[in-house]
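These notes concern the structure reproduced below.
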2 protein chains.
Amino acid sequence: MSDRPAVIVDTSSSPQARLRPVAVNAVRFRDDLWAPWMVRIREVTLPTQYDLMEETGRIDNFRRASGKIKQDYQGIYFNDSDVHKWLEAAAWSLAYEPDANLGRITDLVIAEVAAAQQPDGYLNSYHMFDLAGERWSDLQSKHEMYLAGHLFQAGVAHHRATGRRDLLDVACRFADNIDSIFGPGKRHGTDGHPEPEMALVELYRETSEPRYLALAQFLLDERGHGIVGGDSNLQDHKPFRELDEVIGHAVRACYLNCGAADVFAETGEQALSDTLGRLFRNLTERRMYVTGGVGALHAGEALGVDYELPNTSAYSETCAAIANAMWQWRMFLLTGEGRFMDVFELALLNGSLAGISLDGKGYFYVNPLGSRGNHRRQPWFDCACCPSNIARIIAQVAGYFYATSDDGVWVNLYAASDAQVPWRGQTIAIAQDTDYPWGGDVVLRVTPAEEAEFTLYLRVPEWATGASASVNGVPVDGDVVGGYLPIRRTWAKDDEVSLSLNMKPEWLAANPMIEADAGRLALRRGPLVYAVEQADNPGLDPWFLSVDPAGRLAAEASHDLLGGVTVVWGEAEEAPLDLWSRSLYLPEAKAASQQKKVSFAAIPYFAWANREAGPMQMWLPRR
Amino acid sequence: MSDRPAVIVDTSSSPQARLRPVAVNAVRFRDDLWAPWMVRIREVTLPTQYDLMEETGRIDNFRRASGKIKQDYQGIYFNDSDVHKWLEAAAWSLAYEPDANLGRITDLVIAEVAAAQQPDGYLNSYHMFDLAGERWSDLQSKHEMYLAGHLFQAGVAHHRATGRRDLLDVACRFADNIDSIFGPGKRHGTDGHPEPEMALVELYRETSEPRYLALAQFLLDERGHGIVGGDSNLQDHKPFRELDEVIGHAVRACYLNCGAADVFAETGEQALSDTLGRLFRNLTERRMYVTGGVGALHAGEALGVDYELPNTSAYSETCAAIANAMWQWRMFLLTGEGRFMDVFELALLNGSLAGISLDGKGYFYVNPLGSRGNHRRQPWFDCACCPSNIARIIAQVAGYFYATSDDGVWVNLYAASDAQVPWRGQTIAIAQDTDYPWGGDVVLRVTPAEEAEFTLYLRVPEWATGASASVNGVPVDGDVVGGYLPIRRTWAKDDEVSLSLNMKPEWLAANPMIEADAGRLALRRGPLVYAVEQADNPGLDPWFLSVDPAGRLAAEASHDLLGGVTVVWGEAEEAPLDLWSRSLYLPEAKAASQQKKVSFAAIPYFAWANREAGPMQMWLPRR
């Protein structure tokens, strides 16, 4: 259906990228997690989001801008971005599997967006009519470039997904408009919300128009000189190359890093790479939740200082976990290093996926790591950035599974699926049989169209200690390098690779500097972090449980629960509710004497809050 | 030196009070804690505070108001209160022990304050000259009645301490002025900052002028009808009798409760008592720090919601712990119940006493329960409420040691001291020999002027499990009732009572609903809570320690340390700093394998931050 592969981020011609991605439609799921999500996104999430965009005037804002209807602008001035992100999500979903209804509403939305484009290419439904004179007058807050960036991403995705140029052309006309105004020797400026940088690099890759890359670099370079406010909330506090911490607005920080990574992929400027390395370390060694979530603070939707990672009051915006994953994916394509995919998978399966309900139509904006049950997913928000964002990352998830290099094929993620991986002019079919992320055994049947020598790189996550692999029953003798196990051989039809990843549930401890987690343990099994929710533990309050790390843990697949998850059972002690109902502090010896031994059930964090409301706890106090 | 006993809160004629207090100058310390503090407050704290009040224009503001000097008003509009509180502190200090220098500067300050009083009795150095027309125009913020209250308390204290009426007369004139303006049938209003209520009741007690009691009741009753803003920050969100939680600004909440308790003591209105009971339970069962500190939040200097008690980000203002102690003292006088003295002693020795440095001239405004070492005491503040407040409570501490009832004498606190307790027309001498709060053995030699039958009530703190007592070597056979052990007999010269309170260090656990403390333990020994500070643990970072509650704890008196404290030694494990320097989360098994056994020293919380800056931790993670 497309004349271009539906590649999420296209580094295939990027001089600095070690890896090339594989298209979304190169992979076909037949697992219990992603296969149903592909259907749900297509049939539930995107259609219901479209209805809500209509109900809330987001599409009407474009109709108003094109003169089709006469009414006031509705909602927040950056609401166009929800429509653009929805279009991008729809494009990836259509790339994975065409769908008549989704195709129809996608075309409808594209038509409304395109009709609103002004003769000079400008496209922003807010800055119309009486506000037309205010274009580009408030780069700090009005986010016209941010909106443009999402339009560019939508245009690129739609072109890659369908081969059609209509939305891409709209994007290019707007990019040309911006490029005619901003740039070296033209007007200075950048957006208070990073995003157009990565979008412009992709637009450059898709069109080969070097002005777009130059504009991306310009927007990146403009940052940090106080042009849009000078503070970290706007990622304008320091020039990018001088950053040594991920700070300020979490989504903006991660989007900025995406843009810088994309610019580096094309330019190879070492200072950008050095900075990205520093920022990765700062984030993952000091400022990231165990879920891969980012941005501890409600105030300013911001990252906290080092080790400031509160749990029940965590912000950890769904969009920020997604932005983190997007950044890590770019880092991985640049380097081929598994540590980036580890964080990617963590942020995808936990911090991001928790942002949507299992029925595909409820959303968390904020993702606490503990709750008294008062935090519930909502069908929509006035500022509805998260719903379309989670839709677009799920819709493109197939595109993250593989990558290729000159010397072979990289298997990044595992799920029962069939893939057709293009490699050096031929296609290598890879069928995965596994029930990952519930089980750790993966059988990969590798069938190159033509027998060929190449390296199959199997990702071995850092958590999978003692992983082992074999080819056609013969143990692979070799070390994991940078998070991937390289298997070099001449591959022929139906070569079978078996990989065994240790899925033993285990307790995680946190850095003692994280005040919120000291004396507490979190449960991890494979790539998933777990939560103890009231709904699975009748009569127990998860907040009153404490655990001995030496206690027994057992995993049990529960096919009927929450769409099919593996439950982890553990031993705990329950603090005496009666005793504590009228005391704040008690001698430990007295409290301990009334502790009761109980067993508890934990579910994957992403699945919490899908049943009746009740307390939830991720970091259980130690016993 | 006085024609009135220097009684802190005088319930001797209050119909609802079970107990009458004993004068500040009835007790003479010869211990290692309070005796030095009496000297230090007199010779260091109050003189240096006086100098700072001069340097910062606080006294000059009065000179300006009286026309002695011409200059602008200096500092914040409520700075008079610092002067009034200083005067109250000086009065108690002079009551305990006359001092030529302190007497001289006290007289000087009184003269400056008195000279600033206006012909109609109004006294507020801010609302003068061009602002004279704005008197009483902003009850919510300008705090004229709050300042008046502190003046009344100073006048009462000075009269009780010295017998002189000069400052008391100033107070009465101002009270008459307020009473001429506000009241039933006059103007409605109350102060955004509670305080005048308790002060007016004391002024009533000191002068027998019933208008002052009526005005106190009026100010209490006006509250909660939105007159001063309608929010909890101003304690105006609900009528007092409808309160069921201690909320909003912590100092204001506790001062309001003091006022309500004082009004109840005189009027016996059951609804006040019921409300105070509810508020006590809410505070002590849901919202108080283990230090007796109150007010978790920096925002609004406010109490958090139930169980919201963060540690390093605790606000726990010194003034709020003092206000809590002041409230508990009133509750105790009303009831004779030890639970109030338990909280009083906790708040006094920990939450309050931490507010001042051991050299008597550095102050904490905010009292975190954990620190990276960046929180240090300051010599003064622009808003300097805490320095004079901690001075006044220490200066009057002798007055809390005893109380009397018709049937006997109540021993509330313990310290090596000699007391002359007036009881039914005679004097009972009580000499305490003990090194409390370091040791739990107390010998009391009781010598009534005339042999008499009465009950000696010995407070047995809730923490002192298994306490025992004997009289002249014969074990006391009787139960602790409401926190006091009653010993009724005919007492004669040199009767000797021995009380033994268990001073074994012990770990405290917190209510599992307190997110900040879950999985953590705090160390208590007797009435003191302990802190682990870097200075005592070279090479160890207290934040990297974790403890097994079954580990050995040992107490050791250290006479040269921090003015003489008992150190608690314990066993702990130290988390591997190297391992954690580049990781946020690790498998517990991996982290545990590199834990190191160490021993640690803990000091009383009140004494922390008196040496070189370094990390401090109160709630140690469990091992």
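The values are calculated or read from the model by the stated rules, or taken from the named source; none is laboratory data. Not measured: the values here are computed from a predicted model. Backbone-built Cβ (ideal geometry, glycine too); neighbour counts: all protein chains shown. Calculation scope for accessible area: heavy atoms of the full protein, side chains included, ligands and nucleic acids excluded. Shrake-Rupley method; radii C 1.70, N 1.55, O 1.52, S 1.80 Å.
Points to keep in mind about this one:
- From the alpha carbon centroid of the range B:1-79 to that of the range A:380-415 is 68 Å.
- Surface exposure of the protein assembly as shown, expressed per residue as accessible area with a 1.4 Å probe, stands at 32 Å².
- Probe 1.4 Å - accessible area at A:SER417, Å² to nearest ten: 0
- Dipole of the range A:242-370 [Lys/Arg +1, Asp/Glu -1 at C-beta], most positive-end residue of A:GLY295, A:TYR307, A:GLY355: A:GLY355
- Once the C-beta distance of A:ASP130 and A:ASN101 is scaled by a Förster radius of 30 Å, the resulting FRET efficiency is 0.20 to the nearest 0.05.
- Residue of chain B with the smallest Cβ distance to the axis mapping B onto A, distance rounded to whole Å: B:GLY519, 1.
- Averaged over peptide A:533-543, the number of partner chain Cβ atoms lying within 10 Å of each residue's Cβ comes to 1.
- Pairwise burial A:B, computed as accessible area of each alone minus the pair, summed, 1.4 Å, Å²: 3900
- Each other residue within a Cβ distance under 14 Å of B:TYR484 adds +1 if Lys or Arg and -1 if Asp or Glu, for a net charge of -2.
- Ranked from shortest, the separations from the 7 Å Cα-to-Cβ label point of A:ALA429 to its equivalents in the other copies are 10.7 nm.
- A crude spin-label estimate for the pair B:THR427 and A:LYS70, with each label 7 Å from Cα along the Cβ direction, gives 9.8 nm.
- Interchain or long-range residues, amide H under 5 Å from B:VAL529's placed H: B:TYR605
- Short-range pairs are left out: with C-alpha atoms under 8 Å and at least six residues apart, the relative contact order of the range B:404-500 is 29 percent.
- Dividing the summed -39500 (n - 2.57) terms of all DSSP H runs of n ≥ 4 by the residue count of chain B sets its mean residue ellipticity at 222 nm at -10000 deg cm²/dmol.
- Electrostatic tally near B:ASP495: other residues with Cβ closer than 15 Å to its Cβ, Lys and Arg +1, Asp and Glu -1, net -2.
- For chain B: rounded, prolate or oblate by the Cα gyration tensor [a/c cutoff 1.5]: oblate
- Summary of the geometry: the range A:561-623 and the range A:104-157, compared by the centres of their Cα atoms, lie 49 Å apart.
- At 7 Å out from Cα toward Cβ: B:SER180 inter-copy label distances (nm, ascending): 7.9
- The label-point distance for A:ILE181 and B:ASP479, in a model that sets each label 7 Å from Cα toward Cβ, rounds to 8.3 nm.
- Taking all Cα pairs closer than 8 Å and separated by 6 or more residues, the relative contact order of the range A:128-199 comes to 44 percent.
- Positive contributions from Lys and Arg (+1) and negative ones from Asp and Glu (-1), summed over other residues with Cβ under 13 Å from the Cβ of B:ASN101, come out at -3.
- The range A:421-524: GluC sites (Glu not before Pro) falling in loop per DSSP and having at most 15 other Cβ within 10 Å: A:GLU450, A:GLU451, A:GLU462
- Shielding by partners - mean other protein chain Cβ count within 10 Å, residues of A:518-524: 6
- With contacts taken as Cα pairs under 8 Å at a separation of at least 6 residues, chain A carries a relative contact order of 13 percent.
- The distance from the alpha carbon centre of the range A:174-207 to that of the range B:182-236 is 64 Å, rounded to a whole number.
- Heavy-atom accessible surface of the protein assembly as shown: percent carbon and sulfur, 1.4 Å: 49
- Contact-buried residues of the range A:282-306, at a threshold of 50 Å² lost accessible area versus the chain by itself: A:GLU285 (1.4 Å probe; DNA, RNA and ligands ignored).
- Applying a DSSP loop filter and a limit of 16 other Cβ atoms within 10 Å to the trypsin sites (Lys or Arg not before Pro) in the range B:504-565 leaves B:ARG552.
- Distances from A:GLN74 to itself in the other copies, using label points 7 Å out along the Cα-Cβ axis, amount to 6.3 nm in increasing order.
- Per-residue mean of foreign Cβ neighbours for A:588-594 is 5 (Cβ atoms of other chains, 10 Å radius).
- What the Cβ-Cβ distance of B:ALA557 and B:LYS504 gives, at R0 = 22 Å and to the nearest 0.05, is a FRET efficiency of 0.90.
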